[in-house]
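> Sharing a structure, written as structure tokens. Questions coming.
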Ligand SMILES: Cc1cc2nc3c(=O)[nH]c(=O)nc-3n(C[C@H](O)[C@H](O)[C@H](O)COP(=O)(O)OP(=O)(O)OC[C@H]3O[C@@H](n4cnc5c(N)ncnc54)[C@H](O)[C@@H]3O)c2cc1C
Ligand SMILES: [Zn+2]
């Protein structure tokens, strides 16, 4: 399979682009694999890639019930940052951010990672204190973080609402310049192509319908494309983790909710960074196509329907024009929802389970895209060694019994 | 948009309500004797089914009272609404 390079681009251009090889194979499932990953989103594909790349395992399948990245990976608003509050989270998200910084080269696939900065706005005294606390915490973690005064925010992003009559005046903000956005589909496709090259079988339209055990050990899976035996199974199905846990006979501290987003008609370049406000509850960036990509909130009810309520979209539109009055005449092109796996402490679960040989990676909720490479990296290690990667250890399932939860409800979070 | 029949106020649009999570989760008794695992299950573990779900709702922007709903998480269809303390309606299959 050919590498993507300027030479190859030229060569294929001369051939009218008719001779590019397939990006990944479409194999039929084999009867048995050493490791089976359930879920072909970014996290599952990254896990398979690092299993093959760093741990030398080549007998791997990724089973996806629909198409690659058709879950939350392809529905998210792609904000990448590492400025969480707790040290445990800092280690995990910063590991991921460092991987993002070299990811296009690593995968030989342009994931269009753009470090355009992520600006969190403070509107109240409480916001100021909380965001400054985050900035200080991040500095002690060795993570870049800056506090901007109101004037500095204005200089950095002048189209924000600084009118004297603003209902939610901007009193400052925290900025992580290394944060930014990436191309969501490219992340799934890039990991898929790189994993395929290392021999991983990527099997789409293959839904896992049951997990098979012998005693307390996993031995295989039933799927819509037949039975598959497996040495180990890693489950990375985001909003469907509760369904898979029920197949294995346990429950998780997670509920699945719709989370919505919307995009506007395309504009000339107007917003060069990512702006978030937890108080008015919206965040927005501008895609390379010119559309504003706008993140909304989650509904309070559980759902697997991949649609949310219109009231959430309406509230988001209110918030958007409060922050950016100049957007008030924009037309919106489309909105959608993904089913996000919200964990009680709003931190992920990367863990062994009560069933031997069965591992779960879930609970990323509204904010796991940014963690895609790091999550795959530590989960691959956890599966191979049958013990958590040191960075993943605080995110084990037993934290809910021990009480050592990692609460990340922080004000830096519209959560994404 | 859901239409919920508050047992106290009648039919109102969804925007007046908040869903408060799974219903019928009983606090372990006697509390002092419950194990860590029992507490973890009570506080954190949820059934999160794809299908019918017993859940609590509050009429936040109305009477502010709580009630129970049996609703499908797949179609959003509301199967039953009943007051706290009333017996759980049987699942129809
Ligand atoms: C609207 C929205 C905005 C978001 N914004 C951001 C953001 O700005 N920044 C950020 O960091 N995060 C964001 N997120 C969260 C982020 O999208 C997710 O945390 C992340 O993409 C999860 O990746 P994943 O690979 O675990 O899950 P997914 O991409 O959902 O992949 C899971 C896959 O498992 C498959 N699957 C499920 N059940 C089965 C089965 N039985 N058999 C086989 N396959 C199965 C699904 O089809 C799916 O493809 C957002 C999410 C949404 C919905
Ligand atoms: Zn009422």
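> Show me the strands (runs of 3 or more DSSP E) entirely contained within the range B:1-72 in which 2 or more residues are touching a helix residue (DSSP H, G or I) at 6+ places or on another chain (Cβ under 7 Å) and within 8 Å of chain A (Cβ to nearest Cβ).
Numbers: elements: B:3-6, B:10-13, B:18-22, B:52-58, B:66-72.
Filter on the range B:1-72 gives an empty set.
> Residue check: is residue A:384 more than 14 Å from chain B (Cβ to nearest Cβ), at pLDDT 95 or above and either touching a strand residue (DSSP E or B) at 6+ places or on another chain (Cβ under 8 Å) or not in a helix (DSSP H, G or I) (or both)?
Against the criterion (more than 14 Å from chain B (Cβ to nearest Cβ), at pLDDT 95 or above and either touching a strand residue (DSSP E or B) at 6+ places or on another chain (Cβ under 8 Å) or not in a helix (DSSP H, G or I) (or both)), residue A:384 does not qualify.
> Same structure again: What are the residues in the range A:362-385 that are more than 20 Å from residue A:98 (Cα to Cα) and within 11 Å of ligand 1 (Cβ to nearest atom), if any? Outline the logic, then answer.
Here is the first cut: in the range A:362-385, the residues more than 20 Å from residue A:98 (Cα to Cα) are A:362-363, A:365-366, A:383-385.
Of everything in the range A:362-385, those that are more than 20 Å from residue A:98 (Cα to Cα) and within 11 Å of ligand 1 (Cβ to nearest atom) turn out to be A:362, A:363, A:365, A:366.
> Tell me which residues, restricted to the range B:4-53, are free of Cβ contacts under 8 Å to residues at least 24 places away in the same chain, more than 16 Å from ligand 1 (Cβ to nearest atom) and more than 22 Å from residue A:403 (Cβ to Cβ).
B:10, B:11, B:13, B:14
> Next question. Within the range A:73-91, is there a residue that is more than 16 Å from ligand 2 (Cβ to nearest atom), in a loop (DSSP other than H, G, I, E, B), touching a helix residue (DSSP H, G or I) at 6+ places or on another chain (Cβ under 7 Å) and within 22 Å of residue A:381 (Cβ to Cβ)?
The first filter runs over the range A:73-91 and keeps only residues more than 16 Å from ligand 2 (Cβ to nearest atom), leaving A:73-91.
Then drop every residue that is not in a loop (DSSP other than H, G, I, E, B), which leaves A:76-78, A:81-86.
Now narrow it down to the ones that are touching a helix residue (DSSP H, G or I) at 6+ places or on another chain (Cβ under 7 Å): A:76, A:78, A:81-85.
Imposing the further condition that a residue be within 22 Å of residue A:381 (Cβ to Cβ) reduces the set to A:82, A:84.
Within the range A:73-91, one or more residues are more than 16 Å from ligand 2 (Cβ to nearest atom), in a loop (DSSP other than H, G, I, E, B), touching a helix residue (DSSP H, G or I) at 6+ places or on another chain (Cβ under 7 Å) and within 22 Å of residue A:381 (Cβ to Cβ).
> Please work out which residue is nearest to ligand 1 (Cβ to nearest atom), limiting yourself to the range A:222-245 and to residues that are buried (at least 22 other Cβ atoms within 10 Å of the Cβ) and over 26 Å from the mean Cα position of the chain (by Cα).
Top of the filtered list is A:228.
> Across the range B:8-54, what is the number of residues that are within 18 Å of residue A:298 (Cα to Cα) and within 16 Å of ligand 2 (Cβ to nearest atom)?
Count: 8.
> Looking at the range A:99-122, which of its residues are out of contact with any strand residue (DSSP E or B) (no Cβ under 8 Å at 6 or more places or on another chain), in contact (Cβ under 8 Å) with a residue 12 or more places away in the chain and part of a helix (DSSP H, G or I)?
Those that are out of contact with any strand residue (DSSP E or B) (no Cβ under 8 Å at 6 or more places or on another chain), in contact (Cβ under 8 Å) with a residue 12 or more places away in the chain and part of a helix (DSSP H, G or I): A:99, A:101, A:103, A:104, A:106, A:107.
> Still on this structure, I have one more. Condition first: touching a strand residue (DSSP E or B) at 6+ places or on another chain (Cβ under 7 Å), within 14 Å of chain B (Cβ to nearest Cβ) and part of a loop (DSSP other than H, G, I, E, B). Now tell me which residues in the range A:248-271 satisfy that.
Correct list: A:251, A:253.
> May I pose another question? Those residues that are closer than 23 Å to residue A:261 by Cβ and either part of a strand (DSSP E or B) or within 12 Å of chain B (Cβ to nearest Cβ) (or both), I need them from the range A:330-345; list them, please. So that I can check it myself, show each step before the final result.
Within the range A:330-345, the first condition is being closer than 23 Å to residue A:261 by Cβ, and the residues that meet it are A:330-343.
A:332, A:333, A:334, A:335, A:336, A:337, A:338, A:339, A:340, A:341, A:342, A:343 - these are the residues of the range A:330-345 that are closer than 23 Å to residue A:261 by Cβ and either part of a strand (DSSP E or B) or within 12 Å of chain B (Cβ to nearest Cβ) (or both).
> I want to confirm something. Restricting to the range A:35-59 and keeping residues that are closer than 22 Å to residue A:224 by Cβ and not in a helix (DSSP H, G or I), which single residue is nearest to the chain's Cα centre (by Cα)?
A:41
> Sticking with this one: Out of A:142, A:165, I need the residue that is surrounded by fewer than 23 Cβ atoms within 10 Å (Cβ to Cβ), outside the structural domain of residue A:43 (by TED's automatic domain parsing), touching a helix residue (DSSP H, G or I) at 6+ places or on another chain (Cβ under 8 Å) and outside any helix (DSSP H, G or I). Which one? Write out each step before concluding.
Numbers: A:165 fails: touching a helix residue (DSSP H, G or I) at 6+ places or on another chain (Cβ under 8 Å).
Answer to the check: A:142.
> So which of A:18, A:11 is more than 16 Å from ligand 1 (Cβ to nearest atom), in a helix (DSSP H, G or I) and surrounded by fewer than 17 Cβ atoms within 10 Å (Cβ to Cβ)? Steps first, answer last, please.
Working: A:18 fails: in a helix (DSSP H, G or I).
None of the others qualify; the one that does is A:11.
> Taking the range A:70-103 on its own, how many of its residues are surrounded by fewer than 23 Cβ atoms within 10 Å (Cβ to Cβ) and farther than 30 Å from residue A:140 by Cβ?
Residues in the range A:70-103 being surrounded by fewer than 23 Cβ atoms within 10 Å (Cβ to Cβ) and farther than 30 Å from residue A:140 by Cβ: 3 in total.
> Go through (1) within 13 Å of another protein chain (Cβ to nearest Cβ); (2) more than 16 Å from ligand 1 (Cβ to nearest atom); (3) crowded, with 16+ Cβ neighbours inside 10 Å one by one and return the number of the condition residue B:81 breaks.
Of (1) within 13 Å of another protein chain (Cβ to nearest Cβ); (2) more than 16 Å from ligand 1 (Cβ to nearest atom); (3) crowded, with 16+ Cβ neighbours inside 10 Å, only one is false for residue B:81: (1).
The values are calculated or read from the model by the stated rules, or taken from the named source; none is laboratory data. Everything numeric here is computed off the predicted structure, so don't read it as measured data. Every residue, glycine as well, gets a Cβ built from its backbone with ideal geometry; the counts of neighbours run over all protein chains shown.
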